Amino acid sequence: MPKVGILYNDAKAAACRSATELKDKLTNLGWDVFVATGMGGILGYSNPDRPLCHTAIEGLAPPEFDRDMSLAIVLGGDGTVLSASRQLAPQGIPMLAVNTGHMGFLTETYLNQLPQALEAVLAGEYLVEERTMLLVRVFNQESLLWEALCLNEMVLHREPMTCMCHFEIEIGRHAPVDIAADGVIISTPTGSTAYCLSAGGAVVTPGVGVLQLLPICPHSLASRALVYADREVVSIYPASPNQLVMVVDGNGGCYVLPEYHVRVERSPFPARFIRLKPPEFFQILREKLGWGLPHIAKPTSVELP
């Protein structure tokens, strides 16, 4: 019997209702259905008394969500998709993301279009698009303390009411650089339209094999976004006496003490998205962010040449 999973945002009534209806429908069609909430991919937040709070990467997948599962249907907004990617990517499970939230930048379809989308998926009429994820790890010397996967970005920044941070950053075998800023972002191409975009970074199309390093409010005219090959491993060494805060995908993270260092690299596990038609990134930019729209409004009552 084929297996399918359903991950949903249990804080949204529409997602809860749809998860129940979808389970009944797929069960009647002969599928073995497993349901879980997206809460399993939430990393949890650390605090000064517990600076390292996390679940190992392989421990995030719900029971029965394994490599025998054909696909998973994710019901929620972008936050739910980010959470689900941490649960599904290590198992190689492709996901059909259905928007029940607001922006829905990462989702493939909307709730009112789910019946048609489900019909196409069950008929095998879809593509699978792979998106780069980051593997983020925190070390004390060479002892691993904390690790996580993220689809958008890793952010290492100062705590509120502390001074500017100083970082020594090594990218691959290149010479280390020193950056003074409020923090640094390392972003995937997917994350280039998230925090990285708001902080002044470049938009990168998903198929490009690069990552992006971006200082947050740097104290230098020379510190700008740097795009580099995703085969390079980045090591970040805090050069300030204050503890820092690290957050991945805006979700959870840990404290980084002065004696720790952070290592960021491309994850061996990509996020796998079910696409009902070939992806068109520029159209998504236009619909969600208004990219490429005419800068002068043209009245519809005037006949243009």
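The values are calculated or read from the model by the stated rules, or taken from the named source; none is laboratory data. Keep in mind it's a predicted model, so treat the numbers as computed, not measured. Because the Cβ atoms are built from the backbone with ideal geometry, glycine has one as well, and the counts that use them run over all protein chains shown. Keep in mind that these areas ignore ligands, DNA and RNA; they rest on the heavy atoms of the full protein, side chains included. Shrake-Rupley method; radii C 1.70, N 1.55, O 1.52, S 1.80 Å.
The table that follows gives values for the structure above.
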quantity: Rounded FRET efficiency, nearest 0.05, which uses the C-beta distance separating Asn242 from Ser143 and R0 of 25 Å; calculated: 0.70
quantity: Label-to-label distance, nm, for residues given as Glu130 and Met39 (7 Å Cα→Cβ offset); calculated: 3.4 nm
quantity: Cα-centred dipole magnitude for segment 227-267, charges only on beta-carbon of K, R (+1) and D, E (-1), debye, nearest 20; calculated: 20 debye
quantity: Longest site-free stretch - the chain; sites: GluC sites (Glu not before Pro), DSSP loop, at most 15 other Cβ within 10 Å; calculated: 143-258
quantity: Long-range HN-HN contacts of Val203 with modeled amide H, under 5 Å; calculated: none
quantity: Prolate/oblate/rounded label for the chain (Cα gyration tensor, a/c 1.5); calculated: oblate
quantity: Neighbour net charge for His102 - beta-carbon separation under 15 angstrom, K R +1, D E -1; calculated: 0
quantity: Residues whose placed amide H lies under 5 Å from that of Ser267, excluding near-sequence neighbours; calculated: Met133, Leu134, Leu135
quantity: 1.4 Å probe accessible area per residue over segment 188-268, in Å²; calculated: 41 Å²
quantity: Rounded FRET efficiency, nearest 0.05, which uses the C-beta distance separating Ile284 from Ser220 and R0 of 30 Å; calculated: 0.35
quantity: About the Cα centre, charge dipole magnitude for the chain (Lys/Arg +1, Asp/Glu -1 at Cβ), debye; calculated: 400 debye
quantity: Estimated [θ] at 222 nm from DSSP helical runs (n ≥ 4, -39500 (n - 2.57)) normalised by residues in the chain, nearest 500; calculated: -4500 deg cm²/dmol
quantity: 14 Å cut-off, amide nitrogen to a point 7 angstrom out along Ala14 Cα→Cβ, residues in segment 99-116; calculated: 99-105, 107-115
quantity: The chain, relative contact order [Cα under 8 Å, separation at least 6], %; calculated: 19 percent
quantity: Loop-exposed trypsin sites (Lys or Arg not before Pro) per DSSP, neighbour cap 11 Cβ within 10 angstrom, longest uninterrupted part of the chain; calculated: 68-172
quantity: Average Cα contact separation per residue, segment 180-235, under 8 Å, 6 or more apart, as relative contact order %; calculated: 38 percent
quantity: Fraction of beta bridges assigned by DSSP in the chain that are antiparallel (%, nearest 5); calculated: 75 percent
quantity: Pairwise label distance in nanometres, Arg67 with His102, each label 7 Å out on the Cα-Cβ vector; calculated: 4.0 nm
